[in-house]
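Q: Structure provided below as structure tokens; questions to follow.
The values are calculated or read from the model by the stated rules, or taken from the named source; none is laboratory data. Please read these numbers as outputs of a predicted model, since none were measured by experiment. Note that each Cβ is placed from the backbone with ideal geometry, even for glycine, and that neighbours are counted across all protein chains shown.
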Amino acid sequence: MKVFLLDDHELFAKSLTIALSSFEIELDTYSNYSSLLETLHHNEPDIFLLDVHLKETNGFEVATSLLACDSNRRIIFLSGFEGSYHLNKAFEIGAKAYLNKDISVEVLIETIESVYLGEVFCFESGTVLSKREIAVLELVAEGLIQEEIAERLFISRRTVNNHIHTINNKLGVASSLSSVIKAIKDGIIVLK
């Protein structure tokens, strides 16, 4: 199985190459997107492993570009960042898995094999909110009241209220303010 790793941390890339050498995985490492693109003209991997934060771009932009060219490509995000914001973004783009870099080699191998076989694989490391719930929560964080959120999202105020209630339940809090604070702390939303 051929895997391409895009990660600008050389030590991590070399360590992963060594760790995977005893498995039936051919790992090619790239420190920047342009070198990965050059290789893709004549060589296609079975799996892409992408870091979220890169020096010249970010993994989400890379994944979007890769999937725009071929929507069947299998992408696994391997990142040091936890939180539902990154997790939701990865799956919204079309990734097949999102893993934290502190996992074991065995878990990484299992994930690569699962994704290769067509499964979507995710370790639940936090609460996952729907795209609409995140949109509502971001507007709450901006200070909008329910009527304003309803107008902005073209939904009823009652639907906004239902979303806020669901968000509070998922996050285990009792108020919108507590939801916003927890969501920012957990990386579910990012203040603009």
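Q: Tally the residues that are aromatic (Phe, Trp, Tyr), closer than 18 Å to ALA63 by Cα and at pLDDT below 85, restricting the search to the range 92-124.
A: Summing the residues that are aromatic (Phe, Trp, Tyr), closer than 18 Å to ALA63 by Cα and at pLDDT below 85 in the range 92-124 gives 1.
Q: Still on this structure, please answer the following. Just to verify a result, which residue in the range 133-192, among those that are among the polar types (S, T, N, Q) and outside any helix (DSSP H, G or I), is surrounded by the most Cβ atoms within 10 Å (Cβ to Cβ)?
A: In the first step, residues of the range 133-192 are kept if they are among the polar types (S, T, N, Q); the result is 146, 156, 159, 161-162, 166, 168-169, 175-176, 178-179.
Filter once more, keeping what is outside any helix (DSSP H, G or I): 156, 175.
Values: SER156: 12, SER175: 10.
The extreme case among them is SER156.
Q: Looking only at the range 68-96, count how many residues are in contact with a helix residue (DSSP H, G or I) (Cβ under 7 Å, 6 or more places away or on another chain) and not in a loop (DSSP other than H, G, I, E, B). Break it down into steps so the answer makes sense when it comes.
A: In the first step, residues of the range 68-96 are kept if they are in contact with a helix residue (DSSP H, G or I) (Cβ under 7 Å, 6 or more places away or on another chain); the result is 73-77, 79, 88-89, 92-96.
From what is left, the residues that are not in a loop (DSSP other than H, G, I, E, B) are 75-77, 79, 88-89, 92-93.
Selection size over the range 68-96: 8.
Condition check ((1) at pLDDT below 95; (2) surrounded by fewer than 16 Cβ atoms within 10 Å (Cβ to Cβ)) across all residues:
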{"residue": "LYS2", "(1), (2)": "no, yes"}
{"residue": "LEU6", "(1), (2)": "no, no"}
{"residue": "PHE12", "(1), (2)": "yes, no"}
{"residue": "VAL52", "(1), (2)": "yes, no"}
{"residue": "THR64", "(1), (2)": "no, yes"}
